[in-house]
Amino acid sequence: MTEGDIALAPLPQADGQIKNRPVLLLRRLPPFGDFLACGISTQLQLCVAGFDELITASDEEFPASGLKADSLVRLSFLAVLPERHLLGRIGKLSVTRRQRLVASLCRHLSSTAD
């Protein structure tokens with residue numbers, strides 16, 4: 001697996017259940033090579049404007065994503081996942097989109113609290 005891949009992984013849900021969900025592998029972390037990942041959801045109404053990103057069937061990279069429906073890449077749904085917990089790669093997003101998402105997360109983390 002590499003940064004930018006979309007994989008399936010077991011993630012805790014709001015109700016406490018663990019479900020296999022698609023995740024975007026944002027960045028490999030030292031020292032063990034675990035991935036910082038964000039969840040991907042079809043619940044488009046959860047979109048945080050200027051933070052999350054939609055990927056829709058009309059996007060050029062949608063076929064390569066492996067997603068089945070319009071989806072939301074949720075930067076507010078983060079997890080650190082060991083590679084051994086990833087159930088398999090389903091697709092990939094462009095380097096440009098991954099870099100844009102990481103930059104957005106970095107801006108948010110480095111901004112002063114409101």
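Out of residues 5 or more away from Asp34 or on other chains, whose amide H comes under 5 Å of its own, with H placed 1.01 Å from N in the peptide plane?
Leu29
Any idea what diffusion coefficient the stretch 66-114 gets from Stokes-Einstein, in µm²/s, Kirkwood Rh on alpha carbon pairs, 20 °C, 1.002 mPa s?
Answer from the Stokes-Einstein relation: 162 µm²/s.
If we restrict to alpha carbons, what Rg and Dmax does the chain come to, in Å?
For the chain, the Cα-based Rg and Dmax read 13.5, 39 Å.
Can you list the residues, at least 5 places off or on another chain, whose amide H is less than 5 Å from the amide H of Ile90, using H built in the peptide plane?
Ile6, Ala7, Leu8
Tabulate in residue order the Karplus-calculated ³J(HN,Hα) for the stretch 21-33, using 6.51 cos²θ - 1.76 cosθ + 1.60 with θ = phi - 60°, rounded to whole Hz; enter x for Gly and Pro.
Karplus-based 3J(HN,Hα) across the stretch 21-33 equals 9, x, 9, 9, 7, 7, 7, 7, 10, x, x, 9, x Hz.
For Leu11, what residues show an amide H to amide H distance below 5 Å, using hydrogens built from the backbone and excluding near sequence neighbours?
Here Lys19, Asn20, Arg21 satisfy the definition.
Mind jotting down the three principal axis lengths of the stretch 9-55 based on Cα atoms? Whole angstrom, largest first.
36, 28, 14
Could you size up the charge dipole of the stretch 5-110 around its Cα centre, putting +1 on the beta carbon of Lys and Arg and -1 on that of Asp and Glu, and report it in debye to the nearest 20?
Computed about the Cα centre, the dipole is about 240 debye.
Laboratory data are not the source of any read-out in this text; all were calculated from the coordinates shown. The model shown is predicted, which means the values in this text are computed figures rather than measured ones. Cβ sites come from the backbone with ideal geometry, for glycine too, and all protein chains shown count toward neighbours.
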